[in-house]
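Here is the structure we will look at.
The values are calculated or read from the model by the stated rules, or taken from the named source; none is laboratory data. All values derive from a computational prediction rather than experimental measurement. Cβ placement follows ideal geometry from the backbone for every residue including glycine, while neighbour counts extend to all protein chains displayed. Surface accessibility is based on the protein's heavy atoms, side chains included, excluding ligands, DNA and RNA. Shrake-Rupley method; radii C 1.70, N 1.55, O 1.52, S 1.80 Å.
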Amino acid sequence: MKSEYTVRAYRTETKYDTHDDLISLLDVQVPADALEFLRAAHNAQDSKDVTFTVRVAQRSDGDFRKLVFTSKGSKMKDFVPVATLQKWANAGDDLNSLFDAARFELALIVQVQEPGKGAGLFEEAEEQQPEAPQTVTVGVLNAPKEIQALPSSETEDAEFTPITEDADSPEAFLARCAMDDLSTLLQAVGYDPTDWDDPKSSDEKDMAEWRGIILKHWPDLVGTEVLAEVRHDVEGEGHAPAAD
């Protein structure tokens, strides 16, 4: 399920959280009729693969870049419907420029990878509301364990494979993968690497985002022929560790 909304920047803030990690918050004004879907997608972040992407397109030539966020919720704020988004702070994002509506057109793209069976997005959200209060972890409400979410040594989540620092851990293996290896694994878990074809984004940044997504889907890769082939390629050719 994929929804796209034309939005405009409403508020931005960059600050340190309680763990001294520098984060950026962005409020975007959304259509009022989008709030129901955005809230359901926000609540589904723990149980489904949900991405929140802001596409920043130049009105002059259509050139664009993408900023990937996690959701902190959607609400009426001072009678304005807004979605609050969060990501690692990066000076290159230049969030203040997003207020220049004459230069840039903003779109919020929300994609939910629905399971093949079971309850849909809204049915699951309705079941969880009365019985499963949302849990705030390190300042991010129900944030998925991707690079956009804030790190915490105290975070526990049975849905994800624990990441250790030993040489055989998934994290250590992915750090040795070249870009083409990560691209192969990314496609194996259902993502299109061309979605990251942004000339203003570096390969290192794209690879870091890919590692976060692959780690989240690591249990689905274990035992597959694709992972075995990539592991043979990496260990056989001895790729140097890729920079984050």
Worksheet item: Of T84, T6, which residue is more than 19 Å from I213 (Cβ to Cβ) and touching a Lys or Arg at 6+ places or on another chain (Cβ under 6 Å)?
Response: T84
Practice prompt. May I ask you to say which residue of K77, K66 is closer than 28 Å to P219 by Cα and open to solvent by 20 Å² or more (accessible area, probe 1.4 Å)?
Written response: K66
Practice prompt. Mind listing whichever residues of the stretch 172-224 are of a type in the set (D, E, K, R), open to solvent by less than 70 Å² (accessible area, probe 1.4 Å) and assigned to a helix (DSSP H, G or I)?
Written response: R176, D181, K205, D206, E209, R211, K216
Worksheet item: Before we move on, is Q58 surrounded by 19 or more Cβ atoms within 10 Å (Cβ to Cβ) and either among the aliphatic types (A, V, I, L, M) or touching a Lys or Arg at 6+ places or on another chain (Cβ under 7 Å) (or both)?
Response: no
